[in-house]
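**Student:** Structure provided below as structure tokens; questions to follow.
The values are calculated or read from the model by the stated rules, or taken from the named source; none is laboratory data. Being a predicted model, the structure only gives us computed values, none of them experimental. All Cβ positions, even for glycine, are placed from backbone atoms using ideal geometry, and neighbour counts span all protein chains on display. Each accessible area value is taken on the protein alone, full model and side chains, heavy atoms only, with ligands, DNA and RNA left out. Shrake-Rupley method; radii C 1.70, N 1.55, O 1.52, S 1.80 Å.
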Amino acid sequence: MGHYHGVLENWLRLQEDNECYFFVADWHALTTNYADTKGLQENIVEMVIDWLSVGIDPVKSVIFQQSGIKEHAELFVLLSMITPLGWLERNPTYKEQMVELKDKDIHTHGFLGYPVLQTADIIIYEAGAVPVGIDQAPHIELSREIVRRFNFLYGDTFPEPETLMTASPKMLGTDGRKMSKSYDNSVYLTDAPEVVDKKIRTMMTDTARQRKTDPGNPDICPVFITMHTLYSDGDTKAWVREGCTKATIGCIECKKRVIPKVLERLEPFGKRRMELEKDQGAVLQMLKENTDKARVVAQATMERVRRAMGLA
Ligand code: SF4
């Protein structure tokens, strides 16, 4: 859900008026999950089905798989040669995840260097703009710095990608932290209705509300911030605000009001998803054809890069 509201809704708008490249960043998935790759293939198909089920259209956009285009890795190596270590060490997401992901050993070269791979992913298609949320903006700034350094050293080769800042809703997970797959606190578009129901019923609330008679504050409650804000109408939000602050409603009562709205919104995605799951071969074929299309562009860029660097 975090990905849908924070990213996919925006992609749906963008694909109407722009030439868009959307990709499965399977190499990036290894930066934090390198030790357990069992479910990777399955996750790739699931994610693409997610995109298609919400309306990302492979005719309007190019949907490809990163690891299917080895030129991304080549450009990553070349950019790694010119990227100072200090630029990566001061990356705020790197510092934040070092603190948050204590159960994983992410003191790896790949994790520190992932913004360089991300830069390769962007500039290999000479992307004019990259849609990102506020937390990803420093990465695009870093990409711009790397491009400037490359162009300074080897001559004008890449345009600087612009940051297309997307106002995305604040999505908090079931434990009150930012909703993220890495934190195992997400509600998934693939979750069955009873799973969604259970996740929201057990979702963290304002901890001041130990008993129904304790007043709370919706503005710091993950259920309100994420679920009611996105799915409830004005009257319901007013009802929550009044009942929570005056301690006249309970948290379960409050959650029960929003659960049907969430389920209603997710239902059409579930239907389309079921159709797509029946024909996974067609989904994989689409991904392959789109990857072939993207590779032609990446190969042309790499020919120019090799020439600029004196490698060809
Ligand atoms: Fe959150 Fe609703 Fe409980 Fe208030 S009543 S703390 S908004 S779940």
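**Student:** Exactly one of these conditions fails for residue 298: (1) open to solvent by 20 Å² or more (accessible area, probe 1.4 Å); (2) in a helix (DSSP H, G or I); (3) small (Gly, Ala, Ser). Give me its number.
**Tutor:** (1)
**Student:** Under the condition of being aliphatic (A, V, I, L, M) and over 13 Å from residue 62 (Cα atoms), which residue from segment 273-295 is least open to solvent (accessible area, probe 1.4 Å)?
**Tutor:** So, considering only residues that are aliphatic (A, V, I, L, M) and over 13 Å from residue 62 (Cα atoms), the one least open to solvent (accessible area, probe 1.4 Å) is 283.
**Student:** Checking residue 236 against (1) at pLDDT 95 or above; (2) more than 10 Å from the ligand (Cβ to nearest atom); (3) under 28 Å from residue 104 (Cβ atoms), only one condition comes out false. Which one?
**Tutor:** (3)
**Student:** Where residues in segment 255-272 are modelled with pLDDT of 95 or more and open to solvent by less than 20 Å² (accessible area, probe 1.4 Å), which of them is farthest from the ligand (Cβ to nearest atom)?
**Tutor:** That would be 262.
**Student:** Kindly provide the set of residues from segment 215-241 that are outside any helix (DSSP H, G or I), open to solvent by 30 Å² or more (accessible area, probe 1.4 Å) and out of contact with any helix residue (DSSP H, G or I) (no Cβ under 6 Å at 6 or more places or on another chain), ordered by number.
**Tutor:** Result: 217, 233.
**Student:** Given (1) surrounded by fewer than 19 Cβ atoms within 10 Å (Cβ to Cβ); (2) assigned to a helix (DSSP H, G or I), identify the lone condition not met by residue 247.
**Tutor:** With (1) surrounded by fewer than 19 Cβ atoms within 10 Å (Cβ to Cβ); (2) assigned to a helix (DSSP H, G or I) applied to residue 247, the lone miss is (2).
**Student:** Within the bounds of segment 41-58, is there any residue that is over 20 Å from the mean Cα position of the chain (by Cα) and without any contact (Cβ under 8 Å) to a residue 12 or more places away in the chain?
**Tutor:** Scanning segment 41-58 turns up no residue that is over 20 Å from the mean Cα position of the chain (by Cα) and without any contact (Cβ under 8 Å) to a residue 12 or more places away in the chain.
**Student:** Please identify the pairs in which a residue from segment 59-74 that is within 15 Å of residue 116 (Cα to Cα) has its Cβ atom under 8 Å from the Cβ atom of a residue that is outside any helix (DSSP H, G or I), counting only partners at least 6 apart or on another chain.
**Tutor:** If the second residue must be outside any helix (DSSP H, G or I), the pairs left are 66/23; 66/24; 66/25; 71/124; 72/124.
Table: residues versus (1) surrounded by fewer than 19 Cβ atoms within 10 Å (Cβ to Cβ); (2) touching an Asp or Glu at 6+ places or on another chain (Cβ under 9 Å).
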position	(1), (2)
3	no, yes
9	yes, no
13	yes, no
18	yes, no
37	yes, no
48	no, no
65	no, yes
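**Student:** If you don't mind, another one. Do we find a residue being in a helix (DSSP H, G or I), modelled with pLDDT of 90 or more and of a type in the set (Phe, Trp, Tyr) anywhere in segment 73-82?
**Tutor:** yes
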